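J.: Handing you a structure now.
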C-alpha cells in the first residue's frame, strides 16, 4: 500500500504524477507554466485527465542560470498553497533537493518531497519525517544538482541503483519517514548515459522485486531522444513505449508531461496483466 496525502494506492494501481514546471527555461515546455494562471490551468487539466499527483518544480534539472533557494521558494510555495486550496484531495509533490525549500512547501501543504538528486542534502529526509510527507529516493550516480553526466561508468548500473536507493529508503525510515510514503526512482538520465538508462529500464523488475513502490521519470528524456534520434518535441511515442515496458516490469508511479496518453497506456497494460477489467465488453457477447 502506498499512502500519499489523503490518497491510498493498492500495489497494482498505476499512479500518474503530472509535471508542473514553475521555471522560465524548462527543457520541454520552455516556460509555458511559469506564470500562475497557466500553471493552475495545467493542474486543472492534469487532474481532469487522471493525474493523482502533481509534481511542482521551481528549478530546471539541467544547467542554466543560478536559482537561489529564496527564488525557488518564491516560485513554488505560494503556488503549492493555492493548489492545496483548490484541490484538497490531489497529492502535491515538490521537486526539490533543498531542505529549506522542502520545509517551506510542506508548511504550505505539500504531501511529497521529490528528491531527484539522490540525497545530496541529507536534511531533506529529516524534513519529510518531521511533516509526515512522502519521499522519493532517487539514484543520481553521485552527481551534483544541475550537472550533466560526463564519461560516467558503472561496473553494474543496476547494482548501484539498488545500493543507493535502498540505502536512502532505509535511512529515511530510520529518520521517521513513513515506510508507506517512500518511493524509489532509478533516476533515468541522472548520472547516466543512454545505455545506462536503457539497462535500468530493462532490469526494472529487479527494483520492483524489492517491494518498494517504484517511480519512473521517463517523459521525453534524453535517453529516449538519443535512442530514437529524435528532438525533444518528437519523443512522446518513445516515452510511451518505455512507459508500457516499465509498467509490465512493475513500476507504479509515472512522472509525465502527457497525462491522458500515459493513462491509456497504463490502463491497457493493467488490463493485459489482469489487474483491470476492460472499460466495456461487447464484442462476441451478442
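A short reminder: the numbers here are calculations on the coordinates, not readings from a lab. Predicted, not measured: the structure shown is a model, and the values here were computed from it. Glycine gets a Cβ as well: all are built from the backbone with ideal geometry, and neighbour counts include every protein chain shown.
J.: Starting from the Cα-Cα distance between residue 84 and residue 159, subtract it from 0.36 nm times their residue separation and give me the gain in nm to one decimal.
T.: Extending this stretch completely gives an extra 23.2 nm.
J.: Also, I was wondering about something else. By count of other Cβ within 10 Å, fewest leading, how are 97, 248 ordered?
T.: Details: 97 23, 248 14.
The order, fewest Cβ neighbours first, is 248, 97.
J.: Here's a follow-up. Looking at the calculated P(r) for region 214-286, what percent of the C-alpha pair distances fall above 16 Å?
T.: Working: 1359 of 2628 pairs.
More than 16 Å apart: 52 percent of the Cα pairs in region 214-286.
J.: May I pose another question? Can you give me the distance in nm between label points at residue 260 and residue 171, each placed 7 Å from the Cα along the Cα-to-Cβ direction?
T.: Here the answer is 4.2 nm between the modelled labels.
J.: With springs connecting C-alpha atoms under 10 Å apart, model the chain as a Gaussian network and identify which of 232, 214, 83 has the largest mean-square fluctuation.
T.: Answer for the Gaussian network model of the chain: 232.
J.: In nm, what is the difference between 0.36 nm times the number of residues separating residue 10 and residue 283 and their Cα-Cα distance?
T.: Roughly 95.3 nm would be gained on extension.
J.: Once you place label points 7 Å from the Cα toward the Cβ at residue 44 and residue 195, how far apart are they in nm?
T.: My value for the distance between the label points is 4.9 nm.
J.: When DSSP beta bridges are limited to those with both residues in the chain, what percentage is antiparallel, rounded to the nearest 5?
T.: 10
J.: Going by a ≥ b ≥ c, the root eigenvalues of the Cα gyration tensor, does the chain fall in the rounded group (a/c under 1.5), the prolate group (a/b larger than b/c) or the oblate group?
T.: In terms of gyration-tensor shape, rounded.
J.: Calculated FRET efficiency, residue 69 and residue 272, Cβ-Cβ r, R0 51 Å, to nearest 0.05?
T.: Computed FRET efficiency for residue 69 and residue 272: 0.70.
J.: Okay, next question. If you take the square roots of the eigenvalues of the alpha-carbon gyration tensor of region 118-166 and sort them as a ≥ b ≥ c, do you get rounded (a/c under 1.5), prolate (a/b over b/c) or oblate?
T.: Judged from the Cα gyration tensor, region 118-166 comes out oblate (a/c at least 1.5, b/c at or above a/b).
J.: Give the order of 3, 151 when sorted by the count of other beta carbons within 10 angstrom, beginning with the fewest.
T.: Going from least to most buried by this count: 151, 3.
J.: List 27, 223 from most exposed to least, where exposure is judged by having the fewest other Cβ atoms within 10 Å. Each step should come with its number before you reach the end.
T.: Working: 27 15, 223 22.
Listed from fewest to most nearby Cβ atoms, that is 27, 223.
J.: Continuing with this model, one more query. Run the numbers for residue 209 and residue 120: contour at 0.36 nm per residue of separation, minus the present Cα-Cα distance, in nm.
T.: Extending this stretch completely gives an extra 29.5 nm.
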